[in-house]
Structure formats: C-alpha cells, structure tokens
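> First, the structure itself, so that you have it in front of you.
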Amino acid sequence: MPLDDIAQGEQIVIPSGGWIEVVGINEHYLFLSQRSSDWDSWNHDIYRISLSTLHTEHIDSGVYYGAPIFHPASNSIIFTHANFEEGKIILESLRLDTDIRNTFFEYPSDNISWPNTLGWLLMECDAVMFVNGVSMWGMVDYIFIDSELQAKQIASNEINCNVWQPLKPQNPAEEFISELTVILHAKNYATIDNYVFYLWNKIYIV
C-alpha cells in the first residue's frame, strides 16, 4: 500500500499454504520463503515478487535448515543445511544476478535439532548474523557473515556491529500495520520507496 494512502492498498497473489516468511527486499523485488505446513517439513520454496509488476516468480526449491535470508550487499540468498551424520551446519549462497551457487562456510555444531531455534539478524554494517541454538542453555552458534560473504563463528561478546532495528511507524501505512490485531512476525513487512509490503494471516473465529 502507498505510505500515505492506505485506502489504495492492493492485494498481491502469492503461493498459499504452509508457512510464509519475508526473506528480504531490494529496489526491485520482495523475496518470500514458503515451507510446508507439516511441522517436521524441511522443504522450502523461494519466490520473488516484482515491485513494479507484482508478478510472482519461483526461483528456488530445496531442503533447508530453516528459512533463508536475502543478503543485499552480495545480491544473494543465503541458505543453511544440516548434516546430522557429521554434526555440522553448512552455509550456501545463491547469487541472483549470476545464478551461481557457492558453499562458503561450514562448522561443527551441537545445536542441530528440529524444531530448531535458528534465526537471522540484519546488521548495520551490510552484514547478517546466523543465530542457532537455545540461549537458556547457553548453547548458541553465532555466525557473522560480512558484506563479502566472508563468514566466521564468534562469541556473543565479540559482536561489534549493531543489529539493524526498524524505525517506529513514520507514516499512515506503517501505523496501520502496527495496529493490526493479528501479530506480525518481525520479518513479514518491508518498506521501500513510497510503498510498504506486508503479510497478514487473517484468522476468523466462527
């Protein structure tokens, strides 16, 4: 919807079913991940929606260890794989401008499980952080991935780049989204130029 005229909002048709997450956005596309509604499914489909035409295009399918993330600095989607036999996690990138895949980091982990507690953090220094584990037990992996897709495992006290924080609502559209009665996942909306794009699962009680 336009930032200053919520009455002019449009619905975008996206693949239905399963668990949908916004994985990222740039000046051209909104990127989505769809996982099967089966609680133990690892199958993900990745889509991009053109912000100019609203056309939805399927760009990837695979068995991944959680939803991926869009890495703006390298114009890549970053995926994670879990190797249970060897007890390690593998990070892979897909460059969207060249379609080149590259396994760029792997490490041993004691935190591989399903359901898992992994997540991604966008950092202010054109980096992203892969976080996996259970913090209450002190078992957490922090993998810092810089703007050049160079990755390293670090401790929590070694994090020297701030986590990107969304601003408070700055316009009628963002205020409208913040007041929706259905809880929105933090990654399920994005603002770019004069529009905001968001996902909202409507729940009806009969």
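> Provide the net charge surrounding Lys152, with neighbours chosen by a C-beta distance below 10 Å and charges set as Lys +1, Arg +1, Asp -1, Glu -1.
Around Lys152, the charge tally is -2.
> At what distance in nm do the modelled label points of Ala155 and Thr98 sit from each other, each positioned 7 Å from its Cα along Cα→Cβ?
Using points 7 Å along Cα→Cβ, the separation is 3.6 nm.
> Near Asp126, within a Cβ-to-Cβ distance under 14 Å, what is the net charge of the other residues, with Lys and Arg +1 and Asp and Glu -1?
Neighbourhood net charge equals -3.
> Regarding the stretch 52-104, what whole-number volume in Å³ per residue does the convex hull of its Cα atoms give?
99 Å³
> Give, in nm to one decimal, the length gained when the segment between Asn26 and Glu57 is fully stretched (0.36 nm per residue of separation minus the Cα-Cα distance).
Additional length available on full extension: 9.6 nm.
> For the stretch 1-110, what is the convex hull (Cα atoms) projected area averaged across all directions, in square nanometres?
8.6 nm²
Every number here is computed from the coordinates shown, using simple stated rules; none is lab data. Model, not experiment: these values are computed from the prediction. Note that each Cβ is placed from the backbone with ideal geometry, even for glycine, and that neighbours are counted across all protein chains shown.
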